[in-house]
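Structure first, then comments.
The values are calculated or read from the model by the stated rules, or taken from the named source; none is laboratory data. Nothing here was measured: the structure is a model prediction, and the numbers come from that model. We place every Cβ from the backbone using ideal geometry, glycine too, and count neighbours over all the protein chains shown. Each accessible area value is taken on the protein alone, full model and side chains, heavy atoms only, with ligands, DNA and RNA left out. Shrake-Rupley method; radii C 1.70, N 1.55, O 1.52, S 1.80 Å.
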Amino acid sequence: MLSLVQDVRAAWRSLWRAPVVAVAAVLTLALGLGANVAMFGAVSAALLRPLPFPQPDRLVLLTQQHHEPGRASRPTRWSYPEFVALRRTLRGPQAVAAYYADDMNLAGGGVPVRVRAEMVSASYFDVLGVRPALGRAFAAAEDAAPGSQPVVLLSDALWRREFGGDPRVLGRTVLLNGRSLAVIGVLPAGFRGLTNDADVWITHAMAPAAYFAGHLTSSEHFLSVVARLRPGVTPAQAAAEVAGAGTRAAAAAHVSEDDEVGTWSAGLQPLDTARRDPAAARTRLVLAGAVGFVLLMAAVNLGGVLLARAAGRERELVLRAALGAGRARLVRLLALDGVLLATMGGGLGLLVAAWGVDVLRLLPLEHVASAPARGAQLATFGEATLDGRVLAFAALLTLATGVGAALWPALRATRGALAGRLASGGRAASARVGTVRRPTTLAVVAMAQVALAFVLLTGATLLLDGVRRMHAMDAGVSARNVLTARLAAPEWRYGGDRAVPLLGAVLERVRAVPGVLAASVSRCTPYMPACSSTVLYDPARPGVEPPSVGRHYVGEEHFAVLDVPLRRGRLLTAADRAGAPRVAVVNETAARTLWPGEDPIGKRVWFGSGGGFASPDSLTEIVGVVGDVLYDTPGARVGPDVYTSYRQFTYPETMLLVRTSGDPHALVPELRRAIAAVDPALPIYDVRTLDERAGDAIAAQRTAALLLGAFAALGLLLAALGVYGVMAYAVAQRRREIGVRVALGATRGAVLRLVLGQAGALAAVGLVVGSAAALGLSRFLAFVVADVRPDRPLPHLLALVILGAVALVACLLPARAAARVEPVVALRE
């Protein structure tokens, strides 16, 4: 033990004789270890952590499948009548429950807010094994008769946020979508339902009154069904029962339009399996592999640095061997350098991992692709954290990295009879290594690091160039001082003809707010890719496939709010209301593509949806043409768009758009009060300026560019350290040769060119290999990311210049050290 302590002290002193190298190694390892620990936290949460419910292995998800001749079967959810029939026939499960989630308006705490509501069976909490922390859960009778017992449960987060954590909330009445409900309980902290984002819970019996009138009778398959198996019932036994029960349930319900074609069956899978999104898991594993390779680069760099340090400590090792130190002691002494560096890097890496975990929480890993978990509105419960498993992984990875990086340099430096080198001064070893002309392992690794750094840097510059182009793209509007917000009036109260007077009153109040220049409504805003769409029929072209068009239900000030120019004809006015002739305005793309070479003014059309506009006898006249507006992410093409007046038809769920004379956010409180004057239970939410929405529209590309830029910066650092390590090692091993060259007349400039030439050859090979790989990456990025132009030479040249400059700086220090070699000293050594 005493010798180990002595070796640790010696290794510590040795490290701080070259503090710059030690600090660089620690920082590199901290980045590599921290990124890997953070990614393992994400993988562990998604694949290893059990569900946060009692006996999670007893929980199953029930799905049904529809089989049609000649078509692949597809899993689907349940209608409520089917669920009732299913529940009536099942015996294996201890409890069965159905749930569905959507957003609703909540009033009764302070300002009306938009919340996530789960509509559930009374048995839902029994299935999950969850008990309210305050009050009680739903009774069976409260889910029996529609609307008979209006009760609601709150999440702990909502209770504390909107009701100040007051225990007297029990029995208090709140308004959910305008319906009065009594609070009967508060769920435990951290529980947000199977969707993992619920704020309130109501029974299915209350859904027709508060959400959708046909909730209990509709044939639509929108309900997810979960069950808890009875003790002793195996999943295989339950699956066999569910298969038959599902078929009988579909037949007994007899409400599906698809029943006449094909057959129905049902099945189950463990809830823990269903919640694991395969696409998200693959994304995590791919990212883990990427950061694992970065750590491998860092470890190899550390090995190169330690190898160079070991070469510089050859006299010390020879003296220790001559004084009786065995090879094991010398290997341990050298390996401790790596272990100490890795330990410091691991400690600092935990801070990097904590930051990385916060970043991973913001990334949309759960929504990479569709999966059973998404269709079932089932969260993965996979939020990355630094729990005990992750910390243990961090400790093991740190130790493995330190030992793995240090072991080979230590074994290489101590091979052979060290004591025998005392008389020769290590000349034989140096000569042997100095005569080698083929690429060494470290040289190959350095070339690979240069190639990877070039690939990463090229990808980052291409993405950053694409993001810059997106920012500069003209969307056809003036986004400055435009505020947008969602307005979701409940369908049961404001559906049909009642939506028009509601939105008219809202706009009247909003326009009266000081600082408001113009206001309008629309189903979406610019930069939003999920706008309404329909098909357009032209009676003058019978038999022609009707084209798809964007459909916008707007106010008469809409084009003034967005500053969209009128090209021909007229704009919509307040006179375009119910009872007046139906009119529409189209954009330039619609005029050009739908009526090429013709004037669209005066054309009469009808639509595939949209109230009174959706029938052949509801012809609508085109009265104007306006400029194109991008209702999609930047980089996408503008499609044909049609605008009609909300006064002639609209939906109660819409967007509010307001142009202001000053800071839009400063008017938000006044706007909330104006809308509350129309309906106190009607909130606005998702309040953002149009500039902010433009930024959000390219958030994914910007995030990808920043992440790839961070990897590129780390790759640059690793490549620089790799080139530096190889050249420093080569200079140390060829010190006698360089001394002889200088003694025979070689100038310092010649020595400098010799070393720089070798470094340049390493970098050149890496750049050639990296260029081929970067070409493939750029084409892939152009395929998956909008407005990435792989044919633009500037990003490639910029990456080449940056990497070349970094490689030059990395090899200057070893080159200058070689040029300063004193021939007498080198020959004496």
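Points worth noting:
- Segment residue 329-residue 400, length gained on full extension (0.36 nm per residue, minus Cα span): 23.6 nm
- Net charge of Cβ neighbours under 9 Å - reference residue 101; Lys, Arg +1; Asp, Glu -1: -3
- Computed FRET value (nearest 0.05) for residue 580 with residue 692, which takes r as the C-beta separation and R₀ as 45 Å: 0.80
- Cβ-based net charge around residue 500, under 11 Å, with every Lys or Arg adding one and every Asp or Glu removing one: +2
- Per residue, in Å², the accessible surface of the range 499-621 once ligands and nucleic acids are set aside, probe 1.4 Å: 44 Å²
- Residue 173-residue 319 pseudo-label distance in nm [points 7 Å out on the Cα-to-Cβ vector]: 9.1 nm
- Taking a ≥ b ≥ c as the square roots of the eigenvalues of the alpha carbon gyration tensor, the range 644-685 is oblate, as a/c is not under 1.5 and a/b does not beat b/c.
- Of the solvent-accessible surface of the range 531-655, computed with a 1.4 Å probe and all protein chains present, 50% belongs to carbon and sulfur.
- Of all accessible heavy-atom area on the range 130-269, the percent that carbon and sulfur account for (1.4 Å): 55 percent
- At a probe radius of 1.4 angstrom, the accessible area of the range 90-218 per residue rounds to 35 square angstrom.
- Mean separation of Cα contacts under 8 Å, 6 or more apart, over the residue count of the range 555-654: relative contact order %: 39 percent
- Rounded if a/c under 1.5, otherwise prolate or oblate - the range 155-256, Cα gyration tensor axes: oblate
- Taking label points 7 Å from Cα along the Cα-to-Cβ direction, residue 236 and residue 685 give a separation of 4.6 nm.
- Between residue 566 and residue 148, the modelled label-to-label distance comes to 6.0 nm, taking each label 7 Å out from Cα in the direction of the beta carbon.
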